[in-house]
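Bear in mind these aren't lab numbers, they're just calculated from the coordinates by the rules spelled out. As the structure is a prediction and not an experimental result, all values here were calculated from the model. Positions of Cβ are generated from backbone atoms using ideal geometry, with glycine treated the same way; all protein chains shown enter the neighbour counts.
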Amino acid sequence: MANMEQQPGAKSTSVAVVGCGWFGFALAKQLVEEGYRLSGCKRSIDELALLTDAGIEAFQLQLGADAEVKPDAQALQRVLQTDFLVVNIPPRLKRGNGAYLQELQQLIALTQGWQYQSIVFISTTGVYPSQDKLMTEADAVAETLDSQTLLDAEALFGAQKNSCILRFAGLVGPKRHPGRFLAGKTDVPGANVAVNLVHLSDCVRAVSSILAASCQGKTIAPIYNLCAPLHPTKAEFYQAAAQSLGLVSPMFNQLTMPSKVIVGEAIVADLGFSYQYASPLAMLAACG
């Protein structure tokens, strides 16, 4: 059973990050710097050296029916039976909605009922419908088959003890500059739509805050949104984003669209979290 008396960043405090891609690797590196013992996985054995060089105990993990290397539950005990578990498996719903849920169910089975001090499951604000309203954590609705799958995935981990679902808004940061998303496009609808984005740095800091709060015995809500508190319009933001890269600004038509606004303030109120990048416009200089 995980030690419930750990202090944040203590060398004996262990974290497993399942899914060390763009976000997961950035998170794992930061947690190593904070003094946690990290284990982390990649699908390909050829990529494990990247994790090892960063001070992460690397292991290969392939989930799903198409796995070339089947996971060995016994062998994975040492790297998965940690104090904290962060699950960052991209949905990749184009493969079929059932494949994602099967991978998550397989991962839960591999944890073999291990009692974590906290599980953080990375989800998305894609669970919210396209409506003209402020979206808090209570407003998720299965508007499409994809959003139903995302909610089903959340439910799998919501049923686990000590879990926290963290819903990321649109994610930008180094090597993900939003100026390229719409540059040069014409007749783009939805100029009025509010932009809901969050920077990679704030995503890393949010997970770190949840782990630290758990170590300190603070109450953590079952779900948090993570989204910058300021919301420029789609036209304002993407024109500025393209210009910041010296690209041709997108041209918008007059067609308005529903404008949902993701509210990411609960984590601020509960855990004292603060956004480093409060406005998407401020993120542009911090994207590569």
Report summary line: Note, Pro229: beta-carbon cut-off 14 Å, +1 each Lys/Arg, -1 each Asp/Glu, net -2
Report task. Considering Cα pairs under 8 angstrom that are at least six residues apart, work out the relative contact order of the chain and quote it in whole percent. Result -> 18 percent
Requested in this report: Assuming R0 = 22 Å, can you tell me the calculated FRET efficiency for the pair Ala240 and Arg176, based on Cβ-Cβ distance, to the nearest 0.05?
Outcome: 0.85
**Report entry** the chain: Lys pairs at Cα distance under 18 angstrom, eight or more positions apart or on different chains
**Finding:** 9
Query raised in the report: Packing-wise, with mean Cβ within 10 Å as the measure, how do 251-262, 36-47 rank, highest first?
Result: 36-47, 251-262
Query raised in the report: Could the peptides 49-55, 20-26 be put in order, highest first, of the mean number of other beta-carbon atoms found within 10 Å of their residues?
Result: 20-26, 49-55
Query - Most to least packed among 134-142, 199-207 [average Cβ atoms within 10 Å] - result: 199-207, 134-142
Requested in this report: Restricting to the chain, compute how many DSSP beta bridges are antiparallel as a %, nearest 5.
Outcome: 5 percent
**Report entry** Estimated inter-spin distance, Trp22 and Ile108, nm [label 7 Å along Cα→Cβ]
**Finding:** 2.8 nm
